[in-house]
Amino acid sequence: MLYVIIIVVVAALIYGPSYWVKHTFEKYSIPDDRYPGTGGELARILLDWAKLPSVKVEETAQGDHYDPIEKVVRLTPDKFNGKSLTAITVAAHEVGHAIQDRDGYLPLKIRTRLVQIAAPAEKLGAAILMLAPLIMVVTRAPIAGALFFAGGLLTLGAATLVHLITLPMEMHASFSRALPMLEKGGYLIKGDEHHARRILRAAALTYVSASLMTLLNIGRWWAILRR
């Protein structure tokens, strides 16, 4: 019974934030014509207002994000073409990152650098973990496999580190950049302010959810190597 409780608690901690983020976005995606303009159109308006005409707005299938290298705000089709509260709020959040970039916001600079390091490190970590059992068999030295395993965990954990240390940056983009723009510009329908706050909080917590999923992957590798 104790093991069942532990499994339930761990599952709730890992999948709970991801479910809440998805549920919040979906809840306020209806009605899909609540606002006169699309998320992509609002992103363009806000970028021009922030004196960032060179920053582009594009549609993507890779998740909503701001690319500080290419200087592009990218939105998924439902946000780019949508006219829901979720669409315009998430668009404002991503523009918030573009403004952080304009202002030389230090946490964004740090994260950009860490992402460049973590991406190849994560791939290397997965490769190391796959080779660990083979190394142990070939060398017949458990310590060799243990070293590879430790290296794999460290590199896979790089993505988790990136996600966790950027939470303050995400909250700043939501509540110090996006929300003031939406409120002061009068872009929100009366009564939507409270709901917009929930969406902005969910947008900020997206990376926390991703970090927990990475930890789950590390746990799976641990279970495989212990067999």
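For region 136-157, a tally of residues being surrounded by 16 or more Cβ atoms within 10 Å (Cβ to Cβ) and at pLDDT 70 or above returns 0.
For region 32-66, the set of residues classified as under 22 Å from the mean Cα position of the chain (by Cα), basic (Lys, Arg) and surrounded by fewer than 18 Cβ atoms within 10 Å (Cβ to Cβ) consists of 56 only.
Taking the numbered list (1) at pLDDT 85 or above; (2) part of a helix (DSSP H, G or I); (3) surrounded by 18 or more Cβ atoms within 10 Å (Cβ to Cβ) in turn, residue 29 passes all entries but (2). Taking each residue of region 161-181 that is at positive phi and looking for partners that are of a type in the set (D, E, K, R) and at pLDDT below 95 with beta-carbon atoms closer than 9 Å, six or more apart or interchain, yields nothing.
The values are calculated or read from the model by the stated rules, or taken from the named source; none is laboratory data. All values reported here derive from a predicted model rather than from experimental measurement. Glycine gets a Cβ as well: all are built from the backbone with ideal geometry, and neighbour counts include every protein chain shown.
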